[in-house]
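Okay, so here's the structure we're looking at.
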Amino acid sequence: MSVEVVVVREANDESVEAFARLLPQLSSTASPLDREAVQRLLASDANTVLVARVEGEVVGMLTLVMFPLPSGLRARIEDVVVDEAARGHGVGGALTEEALRLAEAAGARTVDLTSRPSREAANRLYERLGFEARDSRVYRFVLKR
């Protein structure tokens, strides 16, 4: 299976449909994104959205977030999702490797990501690619809307 990974630059029918189809596979609480929301996401200087195609069809996506801090350029990989039908065929690896290449080219010192322990295949992939588990705690504060 040949995987092509490209940066998404515009909110067109393909990208809006890909978000609508793939995000629910990532999170049951993700709100649907309309064309305007996808455009805002893509327009952010901090975000680089990658999609993976197999035979022309979008089968996965990843968001690389890069931001400058006093301690240097930081990068995070967020919202990695591969269509259930395409899992186990190198799509997640191709997306992650391209994100790492882009982060390195931009001058990031590190690339972080988080993954739930229940995502065993994803965790094995990240470790195989060289990510190391950190002794850290992630804290979350939920803001009221």
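The values are calculated or read from the model by the stated rules, or taken from the named source; none is laboratory data. Computed from a predicted model, the values in this text were never measured in an experiment. Neighbour counts are summed over all protein chains in view; Cβ atoms, including those assigned to glycine, are modelled from backbone coordinates with ideal geometry.
May I ask you to list pairs of residues, at least six apart or on different chains, whose Cβ atoms are under 6 Å apart, with the first in the stretch 132-145 being among the aliphatic types (A, V, I, L, M) and the second being assigned to a loop (DSSP other than H, G, I, E, B)?
From residues that are among the aliphatic types (A, V, I, L, M), there are no pairs.
Does Ala122 satisfy the criteria of being small (Gly, Ala, Ser), surrounded by 12 or more Cβ atoms within 10 Å (Cβ to Cβ) and over 16 Å from Leu26 (Cβ atoms)? Don't jump to the end; show me each part of the working.
Details: small (Gly, Ala, Ser): yes; surrounded by 12 or more Cβ atoms within 10 Å (Cβ to Cβ): yes; over 16 Å from Leu26 (Cβ atoms): no.
Judged against the criteria, Ala122 is not a match.
From the list Leu50, Leu42, Leu62, pick out the single residue that is touching a strand residue (DSSP E or B) at 6+ places or on another chain (Cβ under 7 Å), assigned to a strand (DSSP E or B) and without any contact (Cβ under 8 Å) to a residue 40 or more places away in the chain. First the steps, then the outcome.
Details: Leu50 fails: without any contact (Cβ under 8 Å) to a residue 40 or more places away in the chain; Leu42 fails: assigned to a strand (DSSP E or B).
Every option except Leu62 fails the conditions.
Taking into account only those residues within the stretch 46-88 that are buried (at least 18 other Cβ atoms within 10 Å of the Cβ) and more than 15 Å from the chain's Cα centre (by Cα), which is farthest from Ser2 (Cα to Cα)?
Ranking the qualifying residues of the stretch 46-88, first place goes to Ala86.
Out of (1) at pLDDT 95 or above; (2) surrounded by fewer than 17 Cβ atoms within 10 Å (Cβ to Cβ); (3) within 19 Å of Ala18 (Cα to Cα), the odd one out for Ala94 is which?
Evaluating Ala94 over (1) at pLDDT 95 or above; (2) surrounded by fewer than 17 Cβ atoms within 10 Å (Cβ to Cβ); (3) within 19 Å of Ala18 (Cα to Cα) leaves (2) as the failure.
Quick check on the stretch 99-108. Is at least one of its residues part of a strand (DSSP E or B), exposed (fewer than 15 other Cβ atoms within 10 Å of the Cβ) and of a type outside the set (Val, Ile, Thr)? Break it down into steps so the answer makes sense when it comes.
First, the residues of the stretch 99-108 that are part of a strand (DSSP E or B): none.
Scanning the stretch 99-108, I find no residue that is part of a strand (DSSP E or B), exposed (fewer than 15 other Cβ atoms within 10 Å of the Cβ) and of a type outside the set (Val, Ile, Thr), so the answer is no.
Of all the residues that make up the stretch 1-49, how many are within 20 Å of Val91 (Cα to Cα) and of a type in the set (A, V, I, L, M, F, W, C)?
14
From the list Ala43, Ala37, Ala30, exactly one residue is surrounded by fewer than 20 Cβ atoms within 10 Å (Cβ to Cβ), over 24 Å from Phe131 (Cα atoms) and touching a Leu at 6+ places or on another chain (Cβ under 7 Å). Which is it? Step through it out loud before you land on a result.
On the way: Ala43 fails: touching a Leu at 6+ places or on another chain (Cβ under 7 Å); Ala37 fails: touching a Leu at 6+ places or on another chain (Cβ under 7 Å).
Among Ala43, Ala37, Ala30, only Ala30 is surrounded by fewer than 20 Cβ atoms within 10 Å (Cβ to Cβ), over 24 Å from Phe131 (Cα atoms) and touching a Leu at 6+ places or on another chain (Cβ under 7 Å).
Within the stretch 118-126, can one find any residue that is small (Gly, Ala, Ser), within 11 Å of the chain's Cα centre (by Cα) and in a helix (DSSP H, G or I)?
The first filter runs over the stretch 118-126 and keeps only residues small (Gly, Ala, Ser), leaving 118, 121-122.
Among the residues that remain, those that are also within 11 Å of the chain's Cα centre (by Cα) are: none.
No, the conditions are met nowhere in the stretch 118-126.
Please specify each residue of the stretch 66-98 satisfying the condition of being within 20 Å of Glu127 (Cα to Cα) and either part of a strand (DSSP E or B) or basic (Lys, Arg) (or both).
Result: Arg74, Ala75, Arg76, Ile77, Glu78, Asp79, Val80, Val81, Val82, Arg87.
Could you list, ordered by first residue, the pairs with Cβ atoms under 9 Å in which the first is in the stretch 16-30 and touching a residue at least 12 places away in the same chain (Cβ under 8 Å) and the second is assigned to a helix (DSSP H, G or I) and acidic (Asp, Glu), at least 6 apart or interchain?
Pairs that qualify, where the first residue is touching a residue at least 12 places away in the same chain (Cβ under 8 Å) and the partner is assigned to a helix (DSSP H, G or I) and acidic (Asp, Glu), are Gln25/Glu84.
Could you tell me whether the stretch 132-143 includes any residue that is aliphatic (A, V, I, L, M) and closer than 14 Å to Ile77 by Cβ? Let's see the steps before the verdict.
Filtering the stretch 132-143 for residues aliphatic (A, V, I, L, M) gives 133, 138, 142-143.
With the extra rule that they be closer than 14 Å to Ile77 by Cβ, the set shrinks to none.
No, there is no match, as no residue in the stretch 132-143 is aliphatic (A, V, I, L, M) and closer than 14 Å to Ile77 by Cβ.
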